[in-house]
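Participant: The structure follows.
The values are calculated or read from the model by the stated rules, or taken from the named source; none is laboratory data. Just so it is clear, the model here is predicted, and its values are computed rather than measured. Heads up, the Cβs are rebuilt from the backbone with ideal geometry, glycines too, and the neighbour counts pull from every protein chain shown. The accessibility values were calculated without ligands, DNA or RNA, using every heavy atom of the protein model including side chains. Shrake-Rupley method; radii C 1.70, N 1.55, O 1.52, S 1.80 Å.
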Amino acid sequence: MRLRFSAGFVVAVLCVFHAARAQDTGATNRVGRFLATNDVIARIRDEGLNRSQLSNTLSYLCDVIGPRLTGSPNLRRANEWTRDTLTSWGLVNAQLEPWGPFGRGWSLQRFSAQVVEPQAIPLTAAPKAWSPGFEKPLMAEVVFIEAKTEAELAKYKGRLKGAIALVSSQREIAARFEAPSTRLNESNLLRLANAPAGGRSFPSRTPASPALLSNTPAAAVLGLQSNAFQAAITNTVSTNRPRAASARGTNAGPRQISSTERFQFAAREGAALIVASSAQGDGGTFFVESASVLTSTNTPGGGPALRRANSPWATNALTIPPQITVAAEDYHRLARMIQRGEKLKMAIDFAAQYHTNDPMAANTVAEIPGTDLKDEIVMLGGHLDSWHAGTGATDNGAGVAAAMEAVRIIKTLKLQPRRTIRVALWTGEEQGLLGSTAYVRDHFGYYTNMTNSSVTPPKGASEFARVAASRRTSDRSSAASSTRKLVRKPEYEKLSVYFNLDNGSGRIRGVHMQSNELVRPLFRKWLEPFRDLGAETLTASNTGGTDHLPFDAIGLPGFQFIQDPLEYWTRTHHANADVFDRIQFDDLKQASVIMAAFVYNAAMDDEKIPRKPLRD
């Protein structure tokens with residue numbers, strides 16, 4: 001059947017269609033106007049989750065520039081690249097702000113290690129940072145120092161000259177029955193939420209810097225993570241660490257010597273190369289550190305005199321032998337072969353360079369200017385330096401990239417913060433929070449009793465000498481803490497808050513409030529839009545070991561976000577596996593968005609972030 005429509009009917013239909021289309025377009029425009037004018041957080045989410053530049057930033061930083069040891073040419077290149085990139089995004093006052101002197105830099109020029117007799121065995125290994133190399137490749141006999149007592153150690157006297165000495169004990173490599181990568185679950189987060197304020201912290205992965213030691217208990221300063229955080233992840237993270245040695249009674253037999261004492265012995269006996277096993281990791285993953293130094297004493301028990309009495313990066317560092325770290329399974333095979341009577345020869349091609357032309361290091365700093373409250377400051381950041389066996393992706397390229405992405409989002413959206421937003425990318429974190437400590441000292445304040453003195457500590461003083469001095473002062477007299485005085489610099493009252501990210505690429509689950517209950521209602525409000533992304537936990541407990549501590553130490557609000565651990569502590573932290581491919585970008589996008597939102601909210605709020613009472 002053929003339908004016929006009048007002209008009037010057709011006109012009526014067209015009018016209804018156009019009206020509906022206009023209504024739909026109007027609704028779309030209204031949504032667009034709402035997003036543009038009323039819901040900044042929604043716009044931040046959209047930009048960060050859908051148009052992220054994190055992958056580009058991290059690939060250049062980690063793949064192209066590579067590892068960024070403090071004092072190295074790679075770190076200076078990273079400083080300059082981040083400065084220039086932030087400038088290209090529209091930030092102003094981008095600069096490299098010097099601190100130090102730090103000491104000499106170090107970079108690897110060439111490295112390979114393998115057993116060549118009685119058969120070829122390629123080794124998974126890396127030099128220790130600041131270890132000297134060789135003028136030409138070395139081929140030498142391998143000696144496993146199996147001594148457990150001083151009497152047994154004496155048997156190796158005269159056998160190590162020119163040899164390659166294995167100084168670590170063997171450890172059990174247990175099967176992993178728990179996943180190496182984990183997330184915080186509801187039980188973990190509930191424990192954190194219920195944790196009391198403060199609390200003792202665990203030993204740090206880095207020495208504390210002196211400005212911190214002058215203000216807070218050593219246990220808190222040296223903390224890597226709070227008791228609450230460690231308790232929260234105890235049942236979900238298996239670190240496969242070596243078992244602790246059992247305590248020996250006074251009548252239990254000869255004192256057991258440490259691998260440090262075996263190192264000292266091998267160095268004094270003239271070993272050409274000292275080889276250590278990675279104390280953590282398995283399956284080809286190994287963890288690195290700086291070279292050990294030769295001390296002039298023989299304090300029993302591996303006490304302080306046998307620890308690093310002199311930093312290997314110091315310009316006046318004592319002469320030390322070449323040193324490398326070998327993955328545990330490879331190391332154990334060599335040890336077992338020697339125990340069964342095999343004569344091993346190892347070939348090492350190892351060249352390194354010290355850099356002494358400029359002993360200063362620098363932080364990268366840049367700003368988004370504020371408007372009516374432009375003299376006040378909101379800060380965010382992470383540490384740019386890394387270790388050398390990987391490319392510093394999760395520790396802490398992830399935090400650097402997230403901080404850079406946060407300010408990129410704010411600039412891209414043309415948001416106009418009331419307070420000035422300042423991003424800082426720290427260096428020297430791995431050697432003791434040196435860059436952030438120096439920055440806080442120079443911009444915000446310091447305590448006068450760091451060495452029982454009433455004057456500001458000189459910039460030229462060795463950071464570690466000052467640490468030792470402050471420790472000695474603390475040990476000798478408890479009166480020092482009662483006489484200390486906080487010297488406030490001009491920017492002390494201008495800082496609102498500092499936000500830090502430095503626990504890998506795991507998504508943000510909340511905030512460590514550093515015992516500052518005054519921020520709870522504010523942070524609760526700011527986290528509300530991200531509940532669907534898994535971020536809603538606030539814990540009163542402290543966390544340590546990274547660059548918010550210098551701020552917190554002098555009473556300024558400084559916070560580290562709670563993050564899913566993923567495989568940070570088990571596989572990538574200071575390891576050869578700390579590379580781009582271990583970054584979980586969906587998680588890191590979420591983290592950068594939350595960081596951007598927190599920074600923007602802090603920059604727009606009528607009041608600065610409340611400060612907890614300062615304990616003098």
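Participant: Could you calculate the FRET efficiency of Leu318 with Ala175 from 1/(1 + (r/R0)^6), where r is the beta carbon distance between them and R0 is 56 Å, rounded to 0.05?
Facilitator: Efficiency, from the Cβ-Cβ distance: 0.85.
Participant: Sticking with this one: Put Arg422, Arg191 in order of accessible area, largest first, 1.4 Å probe: what do you get?
Facilitator: From most exposed to least exposed: Arg191, Arg422.
Participant: Let me ask something else about it. Ignoring ligands, DNA and RNA, how do Thr394, Thr483, Thr371 rank by accessible area with a 1.4 Å probe, largest first?
Facilitator: Order by accessible area, largest first: Thr483, Thr371, Thr394.
Participant: Give the dimensionless ratio obtained when the Cα radius of gyration of region 153-194 is divided by 2.2 N^0.38 Å.
Facilitator: 2.46
Participant: Shifting gears a bit: Given R₀ = 25 Å, what would the calculated FRET efficiency be for Gln119 paired with Ala279, taking r from the Cβ atoms and rounding to 0.05?
Facilitator: Plugging the Cβ-Cβ distance into 1/(1 + (r/R0)^6) gives 0.40.
Participant: Using Cα pairs closer than 8 Å and at least 6 residues apart in sequence, work out the relative contact order for region 301-439, in percent.
Facilitator: Computed value for region 301-439: 28 percent relative contact order.
Participant: Could you state the orientation-averaged shadow area of the convex hull built on the Cα atoms of region 488-570, in nm² to one decimal?
Facilitator: Its Cα hull, projected and averaged over all orientations, spans 5.9 nm².
Participant: Sticking with this one: Can you give me the C-alpha center-to-center distance between region 47-99 and region 382-446, rounded to a whole angstrom?
Facilitator: Using only Cα atoms, the two centres lie 10 Å from each other.
Participant: How much FRET efficiency would the formula 1/(1 + (r/R0)^6) give for Lys343 and Ala151, where r is the Cβ-Cβ distance and R0 is 30 Å, rounded to 0.05?
Facilitator: So, using R0 = 30 Å, E works out to roughly 0.75.
Participant: Take the Cα atoms of region 114-165, build their convex hull, and give its volume per residue in Å³.
Facilitator: Spread over its residues, the Cα hull of region 114-165 gives 130 Å³ apiece.
Participant: Once you list every other residue whose beta carbon is under 11 Å from the beta carbon of His388, what net charge do they have if Lys and Arg are +1 and Asp and Glu are -1?
Facilitator: Charge balance in the 11 Å sphere: -2.
Participant: Given all pairs of different Cα atoms, what value in angstroms does the Kirkwood hydrodynamic radius of region 553-594 take?
Facilitator: 12.4 Å
Participant: Here is a further query. Could you please state, rounded to a whole Å, how far the C-alpha centre of region 105-125 is from the C-alpha centre of region 501-548?
Facilitator: Taking the Cα centre of region 501-548 as reference, the centre of region 105-125 is 43 Å away.
Participant: Would you mind counting up the charge near Leu495? Only other residues with Cβ under 15 Å from its Cβ, with Lys and Arg at +1 and Asp and Glu at -1.
Facilitator: +1
Participant: If you take every residue apart from Glu517 with its C-beta less than 14 Å away from the C-beta of Glu517, what net charge results, scoring Lys and Arg +1 and Asp and Glu -1?
Facilitator: Charge balance in the 14 Å sphere: +4.
Participant: Given a cut-off of 28 Å, name the pairs among Lys161/Lys343; Lys374/Lys525; Lys489/Lys525; Lys489/Lys612; Lys374/Lys414 whose C-alpha atoms lie farther apart than that in the structure shown.
Facilitator: Among Lys161/Lys343; Lys374/Lys525; Lys489/Lys525; Lys489/Lys612; Lys374/Lys414, the Cα-Cα distance tops 28 Å for Lys489/Lys525.
Participant: Working out 0.36 nm times the residue gap between Arg524 and Asp375, then minus their Cα-Cα distance, what length gain in nm do you get to one decimal?
Facilitator: So the extension gain works out to 51.0 nm.
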